[in-house]
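Have a look at the structure below before the remarks.
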């Protein structure tokens, strides 16, 4: 009986890990798409309303921006953005490459005139496009692989142990 | 409206200092200071009424620049970031004018390289100097002048003449408060956010219950807007001089509104020599000259009307 329960737990863990990995591909894609949309909103706030960054960030419904808004007064935009990206990256399933691109935004955010802010944001949006395409590719190709792989590995281990 | 006291003013300015300089300032008393200067590569200096002092690396004020803290590019960049709340683009117009207004009514004067667009200063880059001009509220600063401004026939059109830093803005602010408390409907046209120092629609100063503030609008446009929208009895504005300001002032006076304003100069005679002001000086019934002789806000002279001979020259 104990052997059966143990086998099922190991099998269940394999299925869980496979599904979790598979979900992370989808989550990364959605997170990048959300951030790109949020950057468009930020662009509008800056270009047409001249909103200060903290208020603009608070108007945007995205965890990275909200996290940055919390820290902006104490540590300045560069540090606040960097901390926010690093803090939210695991939750949003972002890769190191995604984070590097987002960190580039913080280098020049806020500290130039409107025209240059728009250029900076557009540049990051364009780079995010490449990451989103890669994320979509990963989602299409690896989601099923990891889901199926997890399930099959789990079943295989259960069968082996029983 | 609420009134700031000296304690909060000190704390206010410290929070706008870059962290690399703030650490030297905790033991420095800023109560009597009126300017804090940061010049790239130069000593960190604070101006008091008895002269300039430098901040040394022990956080002590000295008369000698030797051993004083030097201003770096990082200090200036951080100071700008704090002052603009990490949003320089949102303060572009103000920076192009050469200043930023921060909470507490303080102003940061900015020097750098101008970026010219369509023949006008569009932005300042490579910022090299920052001058924190510490604002203060002296209740009663205008008491002496007020007695002459308010007459039985009403308020007189008044021009305050003073060199920079001699207290003309403080005087205008106190006049606004005093007139408002005496039942006069006052409109402040505050192009450079100096008089009322509005922050989020609120002034840190007591400007009275009957005072309206039009903030950040050109004086020439603002006076007309104020006239049409708020029907003030007195319009108070700062540092007139441009032809369009004078035209707007003329319109306001001809509409029955009284004007109280200021101009840079050392005295009535000196201001009269400026050809572009000859017409506008004739509008005023009262002239007040300020200096720093006994500290900011020293009233040197209050004169009704222009000197006779010079007035004739002006009329010509």
* To do: Work out the mean other chain Cβ neighbour count within 10 Å for the residues of A:43-53 and drop it here as an integer.
  => 3
* Asked: Relative to the present Cα-Cα distance, how much length would full extension add between residue B:242 and residue B:32 at 0.36 nm per residue of separation?
  -> 72.3 nm
* Asked: Among B:249, A:127, B:144, what is the fewest-to-most ranking by other Cβ atoms within 10 Å?
  -> B:144, A:127, B:249
* To do: Report the Stokes-Einstein translational diffusion coefficient (µm² s⁻¹, integer) for chain B, Rh taken as the Kirkwood radius over Cα pairs, at 20 °C with viscosity 1.002 mPa s.
  => 104 µm²/s
* If you rank B:26, A:146 by fewest surrounding Cβ atoms within 10 Å, what's the result? -> B:26, A:146
* Percent of beta bridges antiparallel (DSSP, the protein assembly as shown, rounded to nearest 5) -> 65 percent
* Structure fact -> For chain B, the longest principal axis of the Cα atoms and the Cα long axis of helix B:219-230 enclose an angle in degrees, to the nearest 10, of 60 degrees
* Structure fact -> Taking every DSSP bridge whose two residues both lie in the range B:165-316, the antiparallel percent to the nearest 5 is 35 percent
* Starting from the alpha-carbon convex hull of the range B:143-315, give the projected area averaged over all orientations, in nm². => 9.3 nm²
* Specify whether the C-alpha gyration tensor of the protein assembly as shown places it in the rounded, prolate or oblate class, a ≥ b ≥ c being the square roots of the eigenvalues: rounded for a/c under 1.5, otherwise prolate if a/b is larger than b/c and oblate if not. => prolate
* **Gap separating the Cα centres of the range A:67-124 and the range B:130-146, nearest whole Å** => 41 Å
* residue A:3 versus residue B:125: modelled label distance in nm, points set 7 Å from Cα along the beta carbon direction -> 7.7 nm
* Asked: Taking square-rooted eigenvalues a ≥ b ≥ c of the alpha carbon gyration tensor, is chain A rounded, prolate or oblate, where a/c under 1.5 means rounded and, failing that, a/b exceeding b/c means prolate?
  -> prolate
* **Length released on extending from residue B:117 to residue B:63, taking residue separation times 0.36 nm less the Cα-Cα span** => 15.2 nm
* **For the range B:170-191 versus the range A:1-55, the gap between their alpha-carbon centres in whole angstrom** => 57 Å
* Can you figure out the FRET efficiency of residue A:157 with residue A:26, using R₀ = 30 Å and their beta-carbon distance, to the nearest 0.05? => 0.75
* Semi-axis lengths (Å, descending) of the ellipsoid that matches the C-alpha gyration tensor of the range A:101-161 -> 45, 12, 5
* To do: Describe numerically, in nm with one decimal, the distance between label points set 7 Å from Cα along Cα→Cβ at residue B:93 and at residue B:19.
  => 3.4 nm
* **Taking B:150, A:160, B:17 and counting other C-beta atoms within 10 Å, the order from fewest to most** => A:160, B:150, B:17
* Structure fact -> In deg cm²/dmol, rounded to the nearest 500, the helical mean residue ellipticity at 222 nm of the protein assembly as shown, built from -39500 (n - 2.57) for every DSSP H run of length 4 or more, is -16000 deg cm²/dmol
* Please label the shape of the range B:6-133 as rounded, prolate or oblate, based on the square roots a ≥ b ≥ c of the eigenvalues of the alpha-carbon gyration tensor (a/c under 1.5 means rounded; beyond that, a/b larger than b/c means prolate, else oblate). => prolate
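Read-outs throughout are calculated quantities, based only on the coordinates presented, and are distinct from any laboratory measurement. Every value quoted in this text rests on a predicted model; they were computed, and no experiment measured them. Virtual Cβ from ideal backbone geometry, glycine too; neighbours counted across all protein chains shown.
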